[in-house]
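Data block below; observations after.
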Amino acid sequence: MKYIEIGGIDRACSQLILGTSSFSPDRRALSFKMLDAFVEQGGNTIDTAYLYGQGNAELTLGMWLEERQNRKDMIIISKGGHHFVNKNGLHDGQKKRVNTKDITHDLMISLERLKTDYIDLYLLHRDDPSVPVEILMDMLQDFKNSGHIKAFGVSNWSTERIKEANKYADKKGYNRLLVNSPSFSLAQINEPRWPGTVYVDKTDLKWHKEMNFPLFSWASQASGFFTGRFSLEDKSSKDIVRVYYNDTNWERLRRANELAKQKGTKYKANHIALAFVLNQSFPSCAVIGPQNIEELNSSIQALEIQLTSEEKRWINVDSNIVTNSYKLF
């Protein structure tokens with residue numbers, strides 16, 4: 001395992017972060033097995049959220065922390081302020097919850113579910129640009145001052161809003177936003193998978209490099225695009241087709257497969273894609289969502305791969321290539 005330092009957290013974060021969105025008490029045995037295996041491999045940072053599994057993810061993680069008695073050894077990331085999800089699992093972007101009342105509610109419930117007094121890194125799960133950053137930064141600083149969180153950051157915010165928030169923090173003598181958690185992967189999207197989600201572009205990456213600002217990527221493996229499960233002819237997964245099917249991504253997949261063969265027979269394109277996210281010139285972590293121990297171990301293998309600047313440019317394909325998305329018929 002490899003690690004990065006985040007200010008305000010008293011231990012380094014593992015570069016691979018275990019996601020918990022599929023965890024639930026009904027899958028307790030598998031969830032616990034996944035958590036134990038992750039820790040055995042040196043992982044110490046776990047990502048969850050008030051939203052995940054209608055609370056089941058945090059409940060399951062809280063059970064594990066209590067049973068293993070290892071809270072002090074783990075770095076827990078949780079998130080609040082996401083808009084509601086309806087009974088069909090679809091995000092309702094009209095019900096904005098980026099406000100002090102809803103986020104405070106989410107944090108207090110998360111602490112209760114997790115059976116802990118504090119969360120190491122608390123992220124605002126979504127943004128609402130109509131809400132002044134001053135209100136949100138005042139709130140986050142209050143959370144820190146009360147001891148409920150140790151450090152804070154954001155997910156699905158623009159870099160412009162992060163800059164604005166940290167400018168206000170400096171003016172007030174507050175702690176700054178320390179982590180940005182958008183989606184970042186080797187694949188480039190045709191459109192966001194969900195309204196209001198943020199995927200980094202070249203301008204964002206330049207800013208992260210200039211500021212040496214930590215990036216914790218979700219969908220770091222492009223929802224399985226590089227696993228070999230998908231093909232140009234297979235349009236059964238409407239979301240993956242809509243978001244990731246384009247000429248340039250198929251070329252990226254081809255090149256990732258080619259580079260994997262050069263790196264060693266045990267590596268596949270998915271290893272190269274994950275290594276691309278991890279091998280950045282600024283602190284970069286990847287949230288992974290393995291469904292079994294085999295997938296977890298496969299993700300950990302990507303840490304072995306070192307990519308040169310030339311290799312990263314080559315597999316990422318010239319940005320001037322036109323991307324033609326594939327429509328569903």
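The values are calculated or read from the model by the stated rules, or taken from the named source; none is laboratory data. Bear in mind that the values here come from a model prediction, so they are computed numbers and not experimental data. We place every Cβ from the backbone using ideal geometry, glycine too, and count neighbours over all the protein chains shown. Accessible surface is based on the protein model in full, side chains and every heavy atom, while ligands, DNA and RNA are left aside. Shrake-Rupley method; radii C 1.70, N 1.55, O 1.52, S 1.80 Å.
Against the definition (over 16 Å from the mean Cα position of the chain (by Cα), closer than 18 Å to residue 46 by Cα and in contact (Cβ under 8 Å) with a residue 60 or more places away in the chain), how does residue 190 come out, yes or no?
No, not satisfied.
Consider the range 61-70. How many of its residues are in a helix (DSSP H, G or I) and out of contact with any Asp or Glu (no Cβ under 9 Å at 6 or more places or on another chain)?
Selection size over the range 61-70: 5.
Would you tally the residues in the range 226-251 being in contact (Cβ under 8 Å) with a residue 60 or more places away in the chain and either in contact with a helix residue (DSSP H, G or I) (Cβ under 6 Å, 6 or more places away or on another chain) or of a type in the set (Phe, Trp, Tyr) (or both)?
Of the residues in the range 226-251, 2 are in contact (Cβ under 8 Å) with a residue 60 or more places away in the chain and either in contact with a helix residue (DSSP H, G or I) (Cβ under 6 Å, 6 or more places away or on another chain) or of a type in the set (Phe, Trp, Tyr) (or both).
Output the number of the condition that residue 42 fails; it satisfies all remaining conditions of (1) more than 23 Å from residue 159 (Cα to Cα); (2) open to solvent by less than 60 Å² (accessible area, probe 1.4 Å); (3) assigned to a helix (DSSP H, G or I).
Looking at each condition in turn, residue 42 falls short on (3).
What's the number of the only condition in (1) of a type in the set (D, E, K, R); (2) at pLDDT 95 or above; (3) part of a loop (DSSP other than H, G, I, E, B); (4) loosely packed, with under 15 Cβ neighbours inside 10 Å that residue 101 fails to meet?
(3)
Restricting the first residue to the range 145-172 and requiring it to be free of Cβ contacts under 8 Å to residues at least 12 places away in the same chain, which pairs with a second residue that is of a type in the set (D, E, K, R) meet a Cβ separation below 6 Å and a spacing of at least six or different chains?
166/176
Taking the range 224-256, which residues are in contact with an Asp or Glu (Cβ under 8 Å, 6 or more places away or on another chain) and open to solvent by less than 40 Å² (accessible area, probe 1.4 Å)?
Result: 243, single match.
Which residues, counting only those in the range 289-306, are modelled with pLDDT under 95 and farther than 27 Å from residue 28 by Cβ?
The answer is none; no residue qualifies.
Taking residue 264, is it modelled with pLDDT under 95 and touching a helix residue (DSSP H, G or I) at 6+ places or on another chain (Cβ under 8 Å)?
No.
I'm told residue 283 meets every condition in (1) modelled with pLDDT of 95 or more; (2) closer than 20 Å to residue 224 by Cβ except one. Can you identify the failing condition by its number?
Of the numbered conditions (1) modelled with pLDDT of 95 or more; (2) closer than 20 Å to residue 224 by Cβ, the odd one out for residue 283 is (2).
Considering (1) farther than 22 Å from residue 282 by Cα; (2) in a loop (DSSP other than H, G, I, E, B), say which one residue 110 fails and leave the rest.
It fails just one condition, (2).
State whether one or more residues within the range 167-190 are open to solvent by less than 40 Å² (accessible area, probe 1.4 Å) and part of a helix (DSSP H, G or I).
yes
Tell me which residues, restricted to the range 265-299, are free of Cβ contacts under 8 Å to residues at least 24 places away in the same chain and either surrounded by 18 or more Cβ atoms within 10 Å (Cβ to Cβ) or within 21 Å of residue 182 (Cα to Cα) (or both).
Of everything in the range 265-299, nothing turns out to be free of Cβ contacts under 8 Å to residues at least 24 places away in the same chain and either surrounded by 18 or more Cβ atoms within 10 Å (Cβ to Cβ) or within 21 Å of residue 182 (Cα to Cα) (or both).
Name the residues in the range 272-320 that are among the hydroxyl-bearing types (Ser, Thr, Tyr) and within 16 Å of residue 44 (Cα to Cα), would you?
The answer is 284, 299.
When you go through (1) farther than 23 Å from residue 302 by Cβ; (2) surrounded by fewer than 22 Cβ atoms within 10 Å (Cβ to Cβ); (3) touching a Lys or Arg at 6+ places or on another chain (Cβ under 9 Å) one by one for residue 25, which number turns out not to apply?
Only one criterion is unmet by residue 25, namely (3).
Go through (1) closer than 22 Å to residue 286 by Cβ; (2) in a helix (DSSP H, G or I); (3) open to solvent by 70 Å² or more (accessible area, probe 1.4 Å); (4) not basic (Lys, Arg) one by one and return the number of the condition residue 194 breaks.
Unmet condition: (2).
Please verify whether residue 310 is exposed (fewer than 14 other Cβ atoms within 10 Å of the Cβ), at pLDDT 95 or above, out of contact with any helix residue (DSSP H, G or I) (no Cβ under 7 Å at 6 or more places or on another chain) and closer than 25 Å to residue 18 by Cβ, treating the condition exactly as stated.
Judged against the criteria, residue 310 is not a match.
Given the residues 260, 302, which is the only one that is aliphatic (A, V, I, L, M), closer than 17 Å to residue 218 by Cα and surrounded by 20 or more Cβ atoms within 10 Å (Cβ to Cβ)?
302
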